[in-house]
Amino acid sequence: RLQQRWKDEAGPIQIPRQQSEEQWQKFRQAIDAVFARREAERADQTAKSQQLNEARLALLNGFESVLRADPGLAQLEHDLGEFRGRWAETPSEDRRGKRRDELDGRASALVRQAEAKLQDLRTAKQQDVFRAIAAKSELAAELETAAVTGALTDELVARIRQSWTTLPALSGDIERKLSGRLDAAAQITASQLEAGSGLRRELLVDLEILL
């Protein structure tokens, strides 16, 4: 706009040539300084934007490597939480307002992948718990049956207790109840065994109704 005003307003004014040239050079120097500053700021913004995008890309690549490494449940929960926090704190110069960019889309896809893997790991962990409960319950049941039928021997007790130690320990209350059942198995009576079986059948019916 100032250049146009110089052309329209200053151009027709007649002043000595040398003075006119000096004034033009002074004006041109000011204009050139503005252009130089503008280009420097643009270059600085471009460099900062590139650095930010490189940081975001490194964060994405790092988390992708974590997923490929097939971490366990606790490790994946930790890594996912850390990635979400760091991603939220990492700005992007290329975004305007709330517009998502390509890297945001990739981050969302990785988070969904991690969440699906977490769900699979949690399901597998719960299934492992159920299998351990069933296996320990079967060992206790074997001792209970032997006690009722008169087939209880020291060798059987030793074998069952040895098998028990090979199974994973469960959470406090479950492990305590199963251990108590194993300890009491040698003194079980036929009536107690029948009552327990009846209660189990009722519990299964209750569970089926809930499901």
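The values are calculated or read from the model by the stated rules, or taken from the named source; none is laboratory data. The shown structure was predicted, so the numbers you read here are calculated from the model rather than taken from an experiment. Cβ atoms come from the backbone with ideal geometry, glycine included; neighbour counts cover every protein chain shown. These area figures cover heavy atoms from the full protein model, side chains too; ligands, DNA and RNA do not enter into them. Shrake-Rupley method; radii C 1.70, N 1.55, O 1.52, S 1.80 Å.
Quick rundown of the values:
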| read-out | value |
| --- | --- |
| Lone qualifier among LEU76, LEU52 - being assigned to a helix (DSSP H, G or I) and modelled with pLDDT under 90 | LEU52 |
| Residue within the stretch 105-116 that is at pLDDT 95 or above, surrounded by 12 or more Cβ atoms within 10 Å (Cβ to Cβ) and basic (Lys, Arg) present | no |
| Per-region count, the stretch 33-66, residues among the β-branched types (Val, Ile, Thr) and open to solvent by 70 Å² or more (accessible area, probe 1.4 Å) | 2 |
| Residue count, the stretch 162-195 (criterion: free of Cβ contacts under 8 Å to residues at least 12 places away in the same chain and in a helix (DSSP H, G or I)) | 15 |
| Of all residues making up the stretch 133-158, the number that are within 18 Å of ILE188 (Cβ to Cβ) and either part of a helix (DSSP H, G or I) or among the acidic types (Asp, Glu) (or both) | 17 |
| Residues (polar (S, T, N, Q) and either at pLDDT 95 or above or touching a helix residue (DSSP H, G or I) at 6+ places or on another chain (Cβ under 7 Å) (or both)) located in the stretch 124-136 | GLN127 |
